[in-house]
Amino acid sequence: MSEDRGGGDRTAHGGKGSQRGDAWSDRTGPDLPARGGDPARQERLRSINLELVFRRLVAAAEPVSRTELAAATGLTRPTITRIVDELITGRLVTETGTTPAGRAGRPRMGLQLSRSGPAGLGLDIRTDGLAACVVDLAGTVRHLAFAPLIDPEAPAVLDRLDRMATEAVEATAREGLTVVTATLAVPGPTDGGIVRTAPALGWRSVDAGALLEERIGHLGLVCAVDNEANLAARGERHAARRAASEAPGDFGGAESVEDFVYVSAGLDIGAGIILDGRPMRGSHGWGGELGHLTVDPDGKPCRCGARGCLQTYASIEAILGEEAVPAGVTPDAAVLARADAGDPETLAALEGAAHALGVALANALNLLDIDTVLLGGSYAVLSSWLLAGVEAEVNQRVLSAAWAPITVRPATLGPDAAAIGAAAMVVDWIGADPSAWLAAQR
Ligand SMILES: [Zn+2]
């Protein structure tokens, strides 16, 4: 079990969420003795301790006992008992029988995040359509639905997403879940709820946050908008942690998901960087624009205005070339079909894309000291044609690869990663202030 230092980042949770301040801070240490009878101070301590215990449960790869929680947080056993009771009453945590056998001492009652309490909704706009996903606090996908992307204009997209959101909330309410957050994944840099640019959709300075609140406001959810690669990277991290909890030891421990670059080709090439277990977003939240790293300064013009960007070699559009995609077939499926049929132009384009992607990634990896790359989105679909080329390129170009080889592997969630990561933002939202959630339940 390793501590989750994550959640320090802010997505643009508007509405109620924006009043809650920054997400989890790095508060650690034992509960301080409450001197005197200052009720405000005691309330603050209670809130800090609740947050500390909730964070430990989020970070746990498997159910933990009250005794383990006390040891891990430094809180006293009576304090842990009281906090756990509050978390169980507030539907944030459930008891799961006994903790796994094979440990010293008698078996203890395990605690884990609830599968029947609050849940998050993720909405994603991607190449093959729109997706709506609900994830419970334990990270299980409870609802996943798709719709075609017919009209990419923002109001039309949000209208369709409203219908999908309503269906998702109603369907999961029947299973006892309460959806509390809605996070929209968009293929471009965001600033608060504003999508600065999403070339693939033709969006420029679109206030998607306001549109989202306007459309789905009737559902009473806390709304946020974020970049799809950032959210997908978070989704992959959640998935890896779940894999670690279901098969402890098989995944190499939680450490293996603390640092990685997730790169996806969907409507555009984007990257989500997880460093020390938390997303690296940059000063404005606009980091990860891997698609506009320069591969050749004299290369083809890119729609961003520069020349020779990775986008011009390795986007699905670039790999597809001029030939039209048959109706009803997604662009990545069309590329895959051509490659599997041995089409020489497609194979050459894939080889060129793998080379360019490897060059761009090597630059990023040399700078960041990260040794794991996940290929997501359309790259996951095409990974059998790209992986070896990318891996060879980065291992040749990254200085440290000689003693710490770079691993390149397909992302586990495939094209659903961003929707799942967006839905899982509910854990961060509640974790930022679990006592506020509990107070609202009383
Ligand atoms: Zn560019």
| note | Of the convex hull enclosing the alpha-carbon atoms of the chain, the direction-averaged projected area in nm² is 22.8 nm²
| Net charge contributed by nearby residues that have their C-beta within less than 13 Å of H355 (K/R +1, D/E -1) | -3
| task | Give the residue from A229, A402, V427 lying farthest towards the positive end of the charge dipole for the chain; charges sit on Cβ (+1 for Lys and Arg, -1 for Asp and Glu) and the dipole is referred to the Cα centre. | result | V427
| field | Inter-probe distance in nm under a simple model that places probes 7 Å from Cα toward Cβ, at A173 and L399 | value | 5.8 nm
| A182 long-range amide H proximity, modeled H, under 5 Å | L121, V222, C223, A224
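Longest exposed-loop-site-free stretch of the chain, with chymotrypsin sites (Phe, Trp or Tyr not before Pro), DSSP loop and at most 16 other Cβ within 10 Å?
In the chain, the maximal stretch lacking such sites is 1-285.
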| note | For the chain, percent of DSSP beta bridges that are antiparallel (nearest 5) comes out at 60 percent
| message | Whole-Hz ³J(HN,Hα) for each residue in the range 159-168, computed from phi via Karplus 6.51 cos²θ - 1.76 cosθ + 1.60 with θ = phi - 60°, x for glycine and proline: what do you get? | response | 4, 5, 5, 4, 5, 5, 5, 4, 4, 5
| remark: Residue span D159 to S384: 0.36 nm per residue of separation minus Cα-Cα distance leaves a gain in nm of 77.3 nm
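Could you give the length gained by full extension between R108 and R82, i.e. 0.36 nm per residue of separation minus their alpha carbon distance, to one decimal place?
7.7 nm
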| remark: Footprinting proxy, D340, D298, D207, D162: sorted fewest to most Cβ within 10 Å, the residues are D298, D340, D207, D162
| remark: In order over the range 383-389: 3J(HN,Hα) from phi, Karplus 6.51/-1.76/1.60, θ = phi - 60°, whole Hz, x for each Gly or Pro, gives 4, 5, 9, 10, 4, 4, x
| field | Helix-derived mean residue ellipticity, 222 nm - over the chain, DSSP H n ≥ 4, -39500 (n - 2.57), to 500 | value | -12500 deg cm²/dmol
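Using the crude model of +1 on Lys and Arg Cβ and -1 on Asp and Glu Cβ, and no other charge, please compute the dipole size for the range 251-415 relative to its Cα centre, in debye to 20.
Computed about the Cα centre, the dipole is about 280 debye.
FYI, it's all coordinate maths here, none of it is from the lab. The shown structure was predicted, so the numbers you read here are calculated from the model rather than taken from an experiment. A quick note on method: Cβ atoms are made from the backbone with ideal geometry, for glycine too, and the neighbour counts reach across all protein chains shown.
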